[in-house]
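In what follows, a single structure is set out as structure tokens and then discussed.
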Amino acid sequence: MEDFQFNTARLRLLPFILEDSKAFQLLNNDAFIRKFLWDDERIDAIMADEIMEQNLRHFEEDQYGLWKIQLRGKGRTIGYVGLWHFFDEPQPQLIYALLEPHTKKGYATEASWLIVNYALEQLGFAYLTAATDEPHLASQRVAQRLGMSFVEKRIEDNRPTLFYKIEKCTA
């Protein structure tokens, strides 16, 4: 999994591994994160285990998945970023989540940019999308800062969902 580690001056991205299942569950059960990512529902240990198992398969087979976001030198996970399948889309979408005390510092944009670049340049994606609940303005701002353009509004899981997209530059 060392091939899938990324660093910036402030952040370190490490793939979630099977042993991170409990930590993943705790992150996603945080009220701030689950409000939009899980429609305010808690995930149980079985679901966390299943996601971690699928994550391992994605990294082994597809070279992408979910990465822990850590502050460099601290070793504590403050959120996550990655590529994951949602809404029967033909390819994975960008996903990002941070614990509330770590928002408004540019971490989501910084971590997401690494994954956008990886998807477009290393994995050869022609484009990448991100979906966000309509009320989640901070998530929309991250997509916009990444250079993503608004594509459409759809109802997904009975909620208004906004879709953003960035395409690989071919010039």
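Per residue, what accessible area does the range 131-171 have, given a 1.4 Å probe and all protein chains present, in Å²? Normalised by residue count, the accessible surface of the range 131-171 is 64 Å².
Considering only beta bridges that DSSP places wholly inside the chain, some 95 percent are antiparallel. Mind giving me the FRET efficiency for GLU100 and ARG145? R0 is 22 Å, r the Cβ-Cβ distance, nearest 0.05 is fine. Here the calculated transfer efficiency is 0.75.
In terms of accessible area, using a 1.4 Å probe and ignoring ligands and nucleic acids, TRP113, TRP84 rank largest first as TRP113, TRP84. Taking label points 7 Å from Cα along the Cα-to-Cβ direction, GLU152 and GLN91 give a separation of 1.7 nm. What label, among [x] 2, 10, 18, 23, 20, 14, 8, 4, 2, 0, 0; [y] 1, 8, 17, 23, 23, 18, 7, 1, 0, 0; [z] 1, 8, 14, 15, 13, 11, 10, 10, 8, 5, 2, 1, 0, 0, belongs to P(r) over Cα pairs in 5 Å bins from 0, in percent computed from the structure on display? Derived directly from the coordinates: [y].
With contacts taken as Cα pairs under 8 Å and at least 6 residues apart, the chain reaches a relative contact order of 17 percent.
Within the chain, what whole-number % of the accessible surface is contributed by carbon and sulfur, with the 1.4 Å probe and all protein chains included in the calculation?
Exposed carbon and sulfur together represent 48 percent of the surface.
Spatial offset of the range 23-71 relative to the range 1-19 amounts to 15 Å, using the alpha carbon center of each. Under the rule of -39500 (n - 2.57) per DSSP H run of 4 or more residues, summed and divided by the residues of the chain, what mean residue ellipticity at 222 nm is obtained, to the nearest 500 deg cm²/dmol? Counting only the DSSP helices, I get -9500 deg cm²/dmol.
With every protein chain present, what is the per residue accessible area of the range 1-52 (1.4 Å probe, Å²)? List each step's numbers first, then the result.
On the way: 3060 Å² over 52 residues.
Value for the range 1-52: 59 Å² per residue.
Its Cα centre serving as origin, the chain has a Cβ charge dipole (Lys and Arg +1, Asp and Glu -1) of approximately 1020 debye. Charging the Cβ of each Asp and Glu at -1 and of each Lys and Arg at +1, and nothing else, the dipole of the range 20-99 about its Cα centre rounds to 660 debye.
Other residues lying with their Cβ under 14 Å from the Cβ of PHE16 contribute a combined charge of -2, Lys and Arg counting +1, Asp and Glu -1. Peptides 85-96, 55-66 ranked from most to least packed give 55-66, 85-96, packing being the mean of other C-beta atoms within 10 angstrom over each peptide's residues.
The values are calculated or read from the model by the stated rules, or taken from the named source; none is laboratory data. Everything quoted here is computed from the prediction, not taken from an experiment. All Cβ positions, even for glycine, are placed from backbone atoms using ideal geometry, and neighbour counts span all protein chains on display. These area figures cover heavy atoms from the full protein model, side chains too; ligands, DNA and RNA do not enter into them. Shrake-Rupley method; radii C 1.70, N 1.55, O 1.52, S 1.80 Å.
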